[in-house]
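Some notes on the structure that comes next.
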Amino acid sequence: QVQLDESGGGLVQAGGSLRLSCVISGRIFSMYTVGWFRQAPRKEREFVAVISWSGGTNYADSVKGRFTISRDNAKKAVYLQMNSLKPDDAAVYYCAASPRGNADPVQNYNYWGQGTQVTVSS
């Protein structure tokens, strides 16, 4: 059974940084895409960033230049480095895996993690 576990969330002041991790366990697709999403209270879940199997990336306009997604295929881990955090970045952050392999921001994700809370104080 495939499981995605996020960690690294917490409380940070505006302008600060956090690094989220997503570790995948179980037998997953041979080449997979991982995306990060977030959902704030009373808002729809939104795309944040995606990374292909080979390391190609795409970002939401709202996080470009501040967030960096990366991966370590040997460790089955994907990271989201978040810098210059703003109160609007506060949300539950989820990682998800897709068998597609590319960095298309729009794709169907088969597996989702439980999320990690990011709180940004102003």
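The values are calculated or read from the model by the stated rules, or taken from the named source; none is laboratory data. In this text, all values refer to a predicted model and were calculated from it rather than measured experimentally. Because the Cβ atoms are built from the backbone with ideal geometry, glycine has one as well, and the counts that use them run over all protein chains shown. With ligands, DNA and RNA removed, areas are computed over all heavy atoms of the protein, side chains included. Shrake-Rupley method; radii C 1.70, N 1.55, O 1.52, S 1.80 Å.
Taking the criterion of being closer than 12 Å to Met82 by Cα, assigned to a strand (DSSP E or B) and of a type in the set (A, V, I, L, M, F, W, C), the residues of the stretch 13-70 that qualify are Leu18, Leu20, Trp36, Val48, Ala49, Phe67, Ile69.
Being more than 25 Å from Gly16 (Cβ to Cβ), among the aromatic types (Phe, Trp, Tyr) and in contact (Cβ under 8 Å) with a residue 60 or more places away in the chain, is that true of even one residue in the stretch 110-118?
First pass over the stretch 110-118, keeping only residues more than 25 Å from Gly16 (Cβ to Cβ): 110-112.
So of that shortlist, the ones also among the aromatic types (Phe, Trp, Tyr) come out as 111-112.
Imposing the further condition that a residue be in contact (Cβ under 8 Å) with a residue 60 or more places away in the chain reduces the set to 111-112.
Scanning the stretch 110-118, I find at least one residue that is more than 25 Å from Gly16 (Cβ to Cβ), among the aromatic types (Phe, Trp, Tyr) and in contact (Cβ under 8 Å) with a residue 60 or more places away in the chain, so the answer is yes.
Hey, does the stretch 71-92 have a residue that's outside any helix (DSSP H, G or I), of a type in the set (Asp, Glu), in contact with a strand residue (DSSP E or B) (Cβ under 7 Å, 6 or more places away or on another chain) and touching a residue at least 12 places away in the same chain (Cβ under 8 Å)? No, every residue in the stretch 71-92 fails to be outside any helix (DSSP H, G or I), of a type in the set (Asp, Glu), in contact with a strand residue (DSSP E or B) (Cβ under 7 Å, 6 or more places away or on another chain) and touching a residue at least 12 places away in the same chain (Cβ under 8 Å).
The set of residues from the stretch 103-122 being open to solvent by less than 60 Å² (accessible area, probe 1.4 Å) and assigned to a loop (DSSP other than H, G, I, E, B) comprises Ala103, Asp104, Pro105, Gln107, Tyr109, Gly113, Gly115. Inspection of the stretch 26-48 identifies at least one residue that is open to solvent by less than 50 Å² (accessible area, probe 1.4 Å), touching a Lys or Arg at 6+ places or on another chain (Cβ under 7 Å) and over 13 Å from Gly113 (Cα atoms). Within the stretch 2-24, the only residue that satisfies the criterion of being touching a Lys or Arg at 6+ places or on another chain (Cβ under 7 Å), open to solvent by 30 Å² or more (accessible area, probe 1.4 Å) and within 18 Å of Tyr109 (Cα to Cα) is Val23. Being touching a Lys or Arg at 6+ places or on another chain (Cβ under 8 Å) and open to solvent by 10 Å² or more (accessible area, probe 1.4 Å) is a property that does not hold for Ala91.
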